[in-house]
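Okay, structure first, notes after.
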Amino acid sequence: MSTAPLLNVEHLTMRFGGLVAVDDVSFAAERGQITALIGPNGAGKTTVFNCITGFYKPSEGMIALTHASGRRFLLERLDDHAINAKAKVARTFQNIRLFPGMTALENLMVAQHERLTATAGLTLGALFGLKRFHAAERQAVELASHWLERIGLIDQADNAAGNLSYGDQRRLEIARAMCTRPELLCLDEPAAGLNARESDSLNALLRTICAEENTAILLIEHDMSVVMTISDHIIVLDHGAIIADGPPQAVREDEAVIAAYLGVPDEEVEDAEREVGL
Amino acid sequence: MEYFLQQLINGIALGSIYGLIAIGYTLVYGIIGMINFAHGDVFMVGSFIALIAFIGLLSIGITFIPLALILVLLVAMLLTAVWGWTIERVAYRPLRASFRLAPLITAIGMSIVLQNFVQVSQGARVKTLQPVITGGYELMHAENFAVSLSNIQILIVVTTIALMTAFWLLIDRTPLGRSLRACEQDRMMAALCGVNVDRTISLTFVMGAALAAVAGLLYLLYYGVIDFFIGFIAGIKAFTAAVLGGIGSLPGAMLGGMIIGLIETFWSAYFTIEYKDVAAFSMLALVLIFFPSGLLGRPEVEKV
């Protein structure tokens, strides 16, 4: 068992031309915890996500991921598929990105691709019915069914993913991410567009994932009720820099956070104006 | 009636060959959205490799035809697959992030390269192969016309059906097929699910080229004459077949191939042979007016 935090982001900077979207951000996410990344629109949350999951190559900085086994990966140096296949990081998106033409079950099977191809013997084994492959395929179906049951979609297993309802698609995305057996699950606004009841069941699902699967969750969310209820640790970004980092209680009362979200009270603006001689 | 039946048989044999080539176009379009204009020439290279392998096998004394055929098939599929892989690696992959027209231009360039390479290395004259598979069955006999089904036609149709079945199983049942379909729908997301997208695209080219090699071998056995330019017309026809059937759709490619093969054959038989290409391409125009995404293609639905 390694003592290093699961995810360790150090001095992460991402520039797009002259725009600095993320500026020298350092934080850590611990195993078995839900870490939330919050901040006003345009604060750079999704950019941080995109750097972690390989969409962007960061301009500067290091993103280290340490497995429970002690294996360490530098995510900024890995190919995008290796980030999932080797480093075991999975993610979902703000907008749903399932494979709409494939069935719910197939969506979960694709996520287990890496382990299945290892047994398929150049695919020919799969075609001619290799025993080893059949056993692996059966296990994959079992894992997929297990997750379909947990998200309550087992009845819809053979329906095309694109035909499921919005809330079902959201949960299926999380199930698909979990079928890759990730060490770190990155969720980009999982509660967006869900009603109160769906949002509650999502919270419960995320908590059990965290507790039972030994998967840490990194979360971007705008819904403060969700964030405050489920996260163990909150990081607040504004204009690409971290303005607060701590447990929910502390972050809720942090003045910089309140200022970033609600703006600065008028007296303070007046004070500041007086200081600069306006 | 007899005449019609004979033309139907001929058309299906020709259509099978077109269908096998069309699969290569449709697969590549499905997964990276580009038209691989060099694919017709990959088919041509496949038929040359088959011819060379045949002559080589005969010269070392393997004259038992079924064995020779299987060996030639394997050699042609393997070597042509290597060609397909190499073409993707050198001409398309470096340009994948580039603008859409760039790979199209290299594809046309690749097509010219292959034609000229074969022309220079093998000579420009037509190459012939003595009929290897002869004989057949007489199905019907009218006063002065016999309907015959030759063994080579049976071989073409049986091979095509067998390959299509294997291919369909591969796409529908195996992890490779699933990852291929996943890449087709959302390449980036597939990568995030741990699918090696580069490798999947390479395998698409490999499979397309292997099927084209089979088509090349069948063409060689059927017509007995090949030259460095056969890939152009066959490629254009197969591309037409893929568009007609709905590009991106596998059954569509096969159906399109059949339709083009049948139209060509019937037009040559009942009207004039000179205008058979006009007939085939007119059919494409007509179909696209009424089914803009092809016969079996899925129209792109934009959600708002």
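What is the one condition in (1) part of a helix (DSSP H, G or I); (2) out of contact with any helix residue (DSSP H, G or I) (no Cβ under 7 Å at 6 or more places or on another chain) that A:I235 does not satisfy? For A:I235, the failing item is (1). Pairs meeting the criteria (first residue in the range B:27-44 and outside any helix (DSSP H, G or I), second residue of a type in the set (S, T, N, Q), beta carbons under 8 Å, at least 6 apart or on different chains) are B:F37/B:S111; B:A38/B:S111. Of the helices (runs of 4 or more DSSP H) lying entirely inside the range B:151-248, those carrying at least 2 residues that are of a type in the set (S, T, N, Q) and in contact (Cβ under 8 Å) with a residue 40 or more places away in the chain are B:151-173, B:197-223.
Every residue, every condition in (1) farther than 20 Å from A:A256 by Cβ; (2) without any contact (Cβ under 8 Å) to a residue 12 or more places away in the chain, yes or no:
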position: A:A4; (1), (2): yes, no
position: A:L7; (1), (2): yes, no
position: A:M14; (1), (2): yes, no
position: A:G18; (1), (2): yes, yes
position: A:V25; (1), (2): no, no
position: A:A29; (1), (2): yes, no
position: A:F49; (1), (2): yes, no
position: A:F55; (1), (2): yes, no
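Taking the range B:125-150 only, how many residues are among the aliphatic types (A, V, I, L, M) and either within 21 Å of B:I230 (Cα to Cα) or assigned to a loop (DSSP other than H, G, I, E, B) (or both)? If you could, list the steps in order and put the result at the bottom.
First, the residues of the range B:125-150 that are among the aliphatic types (A, V, I, L, M): B:126, B:129, B:132-133, B:139-140, B:142, B:146-147, B:149.
Adding the requirement that they be either within 21 Å of B:I230 (Cα to Cα) or assigned to a loop (DSSP other than H, G, I, E, B) (or both) leaves B:126, B:129, B:132-133, B:142.
Total meeting the criteria: 5.
For beta carbons closer than 9 Å, sequence separation of 6+ or different chains, a first residue in the range A:168-186 that is within 10 Å of chain B (Cβ to nearest Cβ) and a second that is of a type in the set (K, R), the qualifying pairs are A:E173/A:R97; A:A177/A:R91; A:T180/A:K88; A:R181/A:K88; A:R181/A:R115; A:P182/A:K88; A:P182/A:R91; A:C186/A:R91. The residue that is modelled with the highest pLDDT, counting only those in the range A:104-133 that are surrounded by fewer than 24 Cβ atoms within 10 Å (Cβ to Cβ) and not in a helix (DSSP H, G or I), is A:L130.
Considering only residues that are of a type in the set (S, T, N, Q), out of contact with any Lys or Arg (no Cβ under 9 Å at 6 or more places or on another chain) and not in a helix (DSSP H, G or I), which ones fall in the range A:160-184? Step through it out loud before you land on a result.
Of all residues in the range A:160-184, those of a type in the set (S, T, N, Q) come to A:163, A:165, A:169, A:180.
Subsequent filtering for residues that are out of contact with any Lys or Arg (no Cβ under 9 Å at 6 or more places or on another chain) retains A:163, A:165, A:169.
Scanning the range A:160-184 gives a single hit, A:S165.
Scan the range A:243-258 and give yes if some residue there is assigned to a loop (DSSP other than H, G, I, E, B) and exposed (fewer than 15 other Cβ atoms within 10 Å of the Cβ), otherwise no.
Residues of the range A:243-258 that are assigned to a loop (DSSP other than H, G, I, E, B), as a first pass: A:247, A:254.
Checking the rest, the ones that are also exposed (fewer than 15 other Cβ atoms within 10 Å of the Cβ) come to A:247.
Within the range A:243-258, one or more residues are assigned to a loop (DSSP other than H, G, I, E, B) and exposed (fewer than 15 other Cβ atoms within 10 Å of the Cβ).
Note on the range B:150-205: among residues that are surrounded by 21 or more Cβ atoms within 10 Å (Cβ to Cβ) and small (G, A, S), the one that is farthest from the other protein chains (Cβ to nearest Cβ) is B:A190. Condition (residue is within 14 Å of another protein chain (Cβ to nearest Cβ) and either in contact with a Leu (Cβ under 9 Å, 6 or more places away or on another chain) or farther than 21 Å from A:F99 by Cα (or both)) applied to the range B:126-133: is it met by at least one residue? Within the range B:126-133 (the criterion being within 14 Å of another protein chain (Cβ to nearest Cβ) and either in contact with a Leu (Cβ under 9 Å, 6 or more places away or on another chain) or farther than 21 Å from A:F99 by Cα (or both)), the answer is no, since none of the residues qualifies. Candidates A:V20, A:V9, A:V48: the one that is of a type outside the set (G, A, S), touching a Phe, Trp or Tyr at 6+ places or on another chain (Cβ under 6 Å) and over 30 Å from A:A160 (Cβ atoms) is A:V9.
One residue stands out in the range A:90-103 among those that are outside any loop (DSSP other than H, G, I, E, B) and within 8 Å of chain B (Cβ to nearest Cβ): the one that is nearest to A:N41 (Cα to Cα), namely A:R91.
Screening A:Q139 on (1) among the polar types (S, T, N, Q); (2) assigned to a helix (DSSP H, G or I); (3) within 18 Å of the chain's Cα centre (by Cα) shows it passes everything except condition (3). Of all the listed residues (A:T180, A:T208), the sole one being among the β-branched types (V, I, T) and more than 11 Å from A:R91 (Cα to Cα) is A:T208. The residue list B:G56, B:G24 contains one member that is under 12 Å from the mean Cα position of the chain (by Cα) and either modelled with pLDDT of 90 or more or among the aromatic types (F, W, Y) (or both), which is B:G24. Among residues of the range B:83-92 being farther than 16 Å from B:L27 by Cα and touching a residue at least 40 places away in the same chain (Cβ under 8 Å), the one that is nearest to the chain's Cα centre (by Cα) is B:W83. For the range A:77-89, the criterion of a residue being surrounded by 17 or more Cβ atoms within 10 Å (Cβ to Cβ), part of a loop (DSSP other than H, G, I, E, B), away from chain B (no Cβ under 14 Å) and of a type in the set (G, A, S) is satisfied by no position.
Candidates in the range A:20-62 are the residues that are part of a loop (DSSP other than H, G, I, E, B) and within 14 Å of chain B (Cβ to nearest Cβ); of these, the one that is nearest to A:D245 (Cα to Cα) is A:T53.
Quick one: is B:I263 of a type in the set (V, I, T), in a loop (DSSP other than H, G, I, E, B), surrounded by 17 or more Cβ atoms within 10 Å (Cβ to Cβ) and away from chain A (no Cβ under 14 Å)? Spell out how you get there, then give the answer.
Details: of a type in the set (V, I, T): yes; in a loop (DSSP other than H, G, I, E, B): no; surrounded by 17 or more Cβ atoms within 10 Å (Cβ to Cβ): yes; away from chain A (no Cβ under 14 Å): yes.
Spelling it out, it is not the case that B:I263 is of a type in the set (V, I, T), in a loop (DSSP other than H, G, I, E, B), surrounded by 17 or more Cβ atoms within 10 Å (Cβ to Cβ) and away from chain A (no Cβ under 14 Å).
The values are calculated or read from the model by the stated rules, or taken from the named source; none is laboratory data. This is a predicted model, so every value here is computed, not measured. Quick reminder, even Gly has a Cβ in these numbers, built from the backbone with ideal geometry, and neighbours come from all protein chains shown.
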